[in-house]
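To start, the structure itself, in structure tokens.
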């Protein structure tokens, strides 16, 4: 439904290419998706090295300069005028900017989301040609028509050839392997795999007798293709390889290389002597090499986080962590490692938020700021399983203080909680809808009150208490006096051992969640609402597993393992007769976490609702396989906790 | 207007103050019980920028002709959140037609549709407008038949904000040049590109762009969070 505001944006865009190539309907779609931002003079829109944002820009009014900084020297590369398009690197995926953009006057800028435009790039050949031409010639800015002054500027600019390298970080920065692992087409998969293993590389190039490339196989291909087709490992590599391969000359224009690789969505590019497949192989470039060269390693991010007190920068770093996460997920890095890294990054952000808030309140509350406290994460963050920035669940436990000091002390911690939560929201986390956060007076209490809470939940396990138990029992200390956590944990185990029936209630609660599969072995889908016909992966598959792991680990009195898949690992040790099943459950949980995170990153949401129709056959089967341990475990629990005799 | 609606209005006129509250009004009021923390930074605040065109300048009598609005989140104007509604009016005022050029409204919306959509739309966001008091009074009358009392949202006037930023808190508008802080002259001073004026949505759009600029100015002089912005 078009209105005046959308029409105005549209009329402006229509004046400038590539928008002028668009038909009315797609142009309207683009106009609707625009977000308008204002940058005051001297403000930076983005900096060299920043992760590309999920949009590119059109200058509406004002003036923006694109700068390169090298060895602290700034040089002007382009001056954008009204209607100019810049920051288009975003269209090449989440790559870092190679120039900085600075407003030289107060400027209004239209931000066009990449997601909307990507579709047009595919559909409209004029638009894609327009952009491709810009990239290949080394232009960062896609200009409309060069006006006279702009022409003059570009003539004055020396080193025209250098420009190609300026877009990307420069070829010399990339390490690609020159020592290529290769084999003939008749080699068996088994042999190829052992070759890869002995050289410790992830791919092998298949060549003919003249060393010309025929195809490539990665370890991921072997697993996916061999497994899904059910082939024997004596199959020759030529049956499974990706072919034909993309080949280029090593010294070809780098922007060209980059674009080919990103557009084709291939993970590998092969260098040959003359750039065609009809000449010998000289090297392999993987997208992994590219990512590493971009400084997106966890160590770099963590270091950057440690060194900043600036909230906007913290948010930017957390966004970069998300593209790291995406890469890890797509490349099947182990979940244990991924969860560890992301939790570490989240923990540092929380810690920073606490320090910032403490500093701000110190003057106003000199006495109260001496009171010991512990900031704890709950729920999925407590279990170190929060990959996406979904709901915040956290709380503050402070030292018991004399009654007359209570009010002021709680006020201090509440204000601190409020500040911390606001910082975390600014870093892109979502608020907890049930308000289980440190800025809620209920969850910002002294140790004695917390002990009472847990005693109450254990002594009178009604529905509400059990719901809280499932969230609060997974607490984890992030910052402060961590001793409070062990005190609380001991208290919980003492209470449970004196009232064992609590575990039966908890067991019953763990079986409340609806089964994932229906009678005919098909997915149980949401019946109505916005998520109609989608599968709730959290409620129906992940929560049952997390609940069971918690229950069993509590029943074994095990302390200090919060992570669901590590809990299952521990349970495999503790219950040798079920060890196989426990391990499978842990694996299942990892797979579910991965699927949910990929879904969430792709659609920029919580990833909770998955459309089974959209899954590939293999993925669908994988998802169904994760349900088997749920079924088995629920049966065991029913018997072990005598739930059939346990009245409601 | 259907006869039924006319009857309703009479009924409400006679028993004003005793209208039963529509569910969506209750929902709106409940949502607004939760207050925005004072230290929330400007970049995290949600604004709804709106404007209306009316049959005249008397907020007690004149009627809504059109309504336009757009949301600002994270200091970005979200074009796809923009709304524009037209209404049927029975007062035809020659002067206002000359200004707005609206004679026959296209696809007019019913009052009930508007009331429900509007309250959902403004949520608990900060309501912003130029000389916003007038618009809110007229809208208030439009919503009264559904048991709506008064606005619970924080309210920010761009005219007030602009004077405050340029002249300080205690500046008396009457002492300045007439029209110095009109939307037109402010847009000109702050270099907001003006296209067609005098449609509600068009003016809301201008006001939104003006607000983006004013917010940045405010941040520069230390007005950085909700509390100091609403002071």
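Just a few scattered comments:
- Within the range A:1-30, the set of residues being under 32 Å from the mean Cα position of the chain (by Cα) and more than 13 Å from chain B (Cβ to nearest Cβ) comprises A:18, A:19, A:26.
- Every condition in (1) touching a helix residue (DSSP H, G or I) at 6+ places or on another chain (Cβ under 6 Å); (2) outside the structural domain of residue A:561 (by TED's automatic domain parsing) is met by residue A:490 except one, and the failing one is (1).
- When the residues of the range B:25-43 are filtered to those that are surrounded by fewer than 18 Cβ atoms within 10 Å (Cβ to Cβ) and assigned to a helix (DSSP H, G or I), the one that is nearest to the other protein chains (Cβ to nearest Cβ) is B:43.
- Annotation note: of B:99, B:155, the sole residue that is at pLDDT 90 or above and touching a strand residue (DSSP E or B) at 6+ places or on another chain (Cβ under 9 Å) is B:155.
- Candidates A:530, A:575 - the one that is exposed (fewer than 13 other Cβ atoms within 10 Å of the Cβ), outside the structural domain of residue A:340 (by TED's automatic domain parsing) and farther than 24 Å from residue A:475 by Cβ: A:530
- Taking residues in the range A:31-56 that are facing chain B (nearest Cβ under 7 Å) and farther than 26 Å from residue B:218 by Cα, and partners anywhere that are at pLDDT below 90 and surrounded by fewer than 20 Cβ atoms within 10 Å (Cβ to Cβ), the pairs with Cβ atoms closer than 6 Å and at least 6 places apart or on different chains are A:33/A:113; A:33/A:116.
- Filtering B:148, B:87, B:118 for residues that are in contact with a helix residue (DSSP H, G or I) (Cβ under 9 Å, 6 or more places away or on another chain) and modelled with pLDDT of 95 or more leaves a single hit, B:118.
- For the range B:75-84, the tally of residues that are in contact with a helix residue (DSSP H, G or I) (Cβ under 6 Å, 6 or more places away or on another chain) and either over 17 Å from residue A:10 (Cα atoms) or crowded, with 18+ Cβ neighbours inside 10 Å (or both) stands at 5.
- Scanning the range B:62-88 for residues that are free of Cβ contacts under 8 Å to residues at least 60 places away in the same chain and closer than 15 Å to residue B:112 by Cα, we see that the one that is farthest from the other protein chains (Cβ to nearest Cβ) is B:87.
Residue-by-condition table, conditions (1) crowded, with 17+ Cβ neighbours inside 10 Å; (2) under 18 Å from residue A:283 (Cα atoms):
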| site | (1), (2) |
| --- | --- |
| A:184 | no, yes |
| A:195 | no, yes |
| A:201 | yes, yes |
| A:204 | yes, yes |
| A:213 | yes, yes |
| A:216 | yes, yes |
| A:220 | no, no |
| A:226 | yes, no |
| A:229 | no, no |
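- Evaluation of residue A:588 against (1) out of contact with any helix residue (DSSP H, G or I) (no Cβ under 9 Å at 6 or more places or on another chain); (2) under 20 Å from residue A:340 (Cβ atoms) (one fails), failing number: (1)
- Per the conditions (1) crowded, with 18+ Cβ neighbours inside 10 Å; (2) closer than 30 Å to residue B:52 by Cα; (3) at pLDDT below 90, the sole criterion not satisfied by residue A:25 is (1).
- If you go through the range A:79-95 and keep only what is under 30 Å from residue A:321 (Cα atoms), at pLDDT 75 or above and out of contact with any helix residue (DSSP H, G or I) (no Cβ under 7 Å at 6 or more places or on another chain), you end up with A:85, A:86, A:87.
- Sole exception among (1) under 19 Å from the mean Cα position of the chain (by Cα); (2) in a helix (DSSP H, G or I) for residue A:606, by number: (2)
- Screening A:205, A:201 for residues that are touching a strand residue (DSSP E or B) at 6+ places or on another chain (Cβ under 7 Å) and in contact (Cβ under 8 Å) with a residue 12 or more places away in the chain leaves exactly one candidate, A:205.
Rundown of residues vs (1) outside the structural domain of residue A:353 (by TED's automatic domain parsing); (2) touching a strand residue (DSSP E or B) at 6+ places or on another chain (Cβ under 9 Å); (3) farther than 25 Å from residue A:548 by Cα, yes/no style:
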{"position": "A:389", "(1), (2), (3)": "no, yes, no"}
{"position": "A:397", "(1), (2), (3)": "no, yes, yes"}
{"position": "A:417", "(1), (2), (3)": "no, yes, yes"}
{"position": "A:458", "(1), (2), (3)": "no, no, no"}
{"position": "A:471", "(1), (2), (3)": "no, no, no"}
{"position": "A:480", "(1), (2), (3)": "no, yes, yes"}
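- For the range A:164-210, a residue qualifies if it is over 23 Å from residue A:279 (Cβ atoms), assigned to a helix (DSSP H, G or I), touching a helix residue (DSSP H, G or I) at 6+ places or on another chain (Cβ under 9 Å) and at pLDDT below 55, and the qualifying residues are A:164, A:165, A:167, A:172, A:173.
- All positions within the range B:44-61 that are more than 12 Å from the chain's Cα centre (by Cα) and more than 13 Å from chain A (Cβ to nearest Cβ): B:54, B:55, B:56, B:57, B:58, B:59, B:60, B:61
- Qualifying residue in the range A:563-580 (condition: farther than 15 Å from residue A:629 by Cβ and in a loop (DSSP other than H, G, I, E, B)): yes
The values are calculated or read from the model by the stated rules, or taken from the named source; none is laboratory data. In this text the structure is predicted, and so the values were computed from the model without any measurement. Cβ sites come from the backbone with ideal geometry, for glycine too, and all protein chains shown count toward neighbours.
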